[in-house]
Every structure is written in structure tokens, then in C-alpha cells.
Amino acid sequence: MAPAGRATVDRELTLLRPVPPAILSGKKRDDNIFDRCPAYSVQQLSVLLSKDQTRAVVEKILTSEGPDQELLSFAEALRKPVVICTEHFGNLSLNREFDWFEGKRKWNRRLTDVVFTKSADGSIEDAIKTAETLWADEAGWKQRADDYAVEKLLPLKNASWLEDNDVEVTSNEFKARMKLVSITVEGKGRFTFWHEDGDCFGAIPLKFGGR
């Protein structure tokens, strides 16, 4: 809510909330500490604002003086989906929680989640260029990712992660257990393959590229 006589400021502000040491240490529970300001709710807060007005520490949550129609309308607008239509990756939807765009496309004949991260200017044009280059050589990059996982992770699996009476996992068995679940693409040629690996380690991030 803007002070009387001043216009509402439409700008992103990062809010930091102190957490009592007793909760951080686990000596005290407060399951609702992060639920007191639900998404898209209108709150009145007392904050300590940084000089550049990009961050603030919440001093306390104040009792609202009543609904502010302008802020309610703004909150409603934030709920509306933001979709970018692309030539090669179809419609990409903004995930507001993580501030990235998401879509789906087949990778080596299997439908896969694809995440496009924003550049410093807030666009995903660089990420789309990275993805187009990546998809131009699907088979080659799948082979590189599988070989990289075997080189870096299979020795660790066989040395330290075998259960009693387990036999060593072969490279072909390890590759067969890997299931691609998503690809994250960024600008400057950076991308990450995320795999499930049949309970060998859990989620496997394989990062490539960058300049």
C-alpha cells in the first residue's frame, strides 16, 4: 500500500524475514512461519529498506487497514498466465515461483520437460538459441551425456554405493538406468541434463557448455 498521496511503485522487491534461532536449530517448531503471507496476498509490512530499494528486511507484519483495490487488481493481474509462443518449442509458460519459462519437447523420441532461464535483461532469447543448437544434435549430445555420466559416476557407484551382495554395475546397465526427466537451458551455450538413475544416486545433474 502506497503512502497517502503517492503512487504505487510497480517494482520487484526482495523481502528477507528473520527466523528465530530456536527454529533454525530445531528446538522450536513454527510450521506456519512461511505461510503467513500467501502468494498473491496483499500485506502491510514494516520493513528496513536498502539504499538501492531492491531489498528489505521485514521488521513486522502490520494489521491491514482494509483492502486496497489497486493492489488487489495488481495481485489479480499477477495470477494471469504469461505465455511465449516459439517456433521450435511451442508455447512456454512462465513459472513465477522460479522466474523461468517451462515447456515440453521430445528429446530422442521421448517427451521431456524443458526449462528456459532468463538472461540479465529478463529475456529468454539466448536460452532459446542454446536450445536450438542443442536439439540440432540430439543423438550426439545424448551420447556425450551418457558417456560423461559413466566416466564420472560409475566408478563411484561401484566403489562406494553397492549394497551387500550386489555385483558391479556395467556401463551399459548404468546407461539403461538413466532416465532423462528435464533439460535446463541458459544463455551462452550452457545447459543441464537432469536424470533419474534407478536409485543409484538420486537425481543426476550433468552440466555442459558455457563461455
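Can you tell me how region 81-208 classifies by the Cα gyration tensor, rounded, prolate or oblate, using a/c under 1.5 as the rounded cut? The shape class here is prolate. Under the simplified labelling scheme, the residue 79-residue 159 pair shows an inter-label distance of 5.4 nm, with each label point 7 Å from Cα along Cα→Cβ. Expressed as a fraction of 2.2 N^0.38 Å, the C-alpha radius of gyration for region 18-154 is 1.52. What FRET efficiency comes out for residue 168 versus residue 104 if R0 is 41 angstrom and r is the Cβ-Cβ distance? Round to the nearest 0.05. Working from the Cβ atoms, E equals 0.70. The slack between residue 43 and residue 112, meaning 0.36 nm per residue of separation minus the straight C-alpha distance, is 21.0 nm. Summarising the amide proton neighbourhood of residue 47: residues at separation of 5 or more, or on other chains, whose placed amide H is nearer than 5 Å comprise 59. Counted by neighbouring Cβ atoms within 10 Å, the residues 171, 160 run from fewest to most as 160, 171. With the simple model of a label 7 Å out from the Cα in the direction of the Cβ, residue 151 to residue 87 spans 3.4 nm. The residues 82, 114, when put in order of fewest to most other Cβ atoms within 10 Å, stand as 82, 114.
Between residue 188 and residue 96, the C-beta separation translates, for a Förster distance of 22 Å, into a calculated FRET efficiency of about 0.35. Maximal additional length on extending the residue 137-residue 176 stretch stands at 12.0 nm, based on 0.36 nm per residue less the C-alpha distance.
Each label point was placed 7 Å from the Cα along the Cα-to-Cβ direction; for residue 9 and residue 54 their separation is 1.4 nm.
Any read-out appearing in this document is the output of simple, stated calculations on the displayed coordinates, not a laboratory observation. A quick note: this is a predicted structure, and the numbers were derived from the prediction, not measured. FYI the Cβ positions are ideal-geometry reconstructions off the backbone, even for glycines, and counts take in every protein chain you see.
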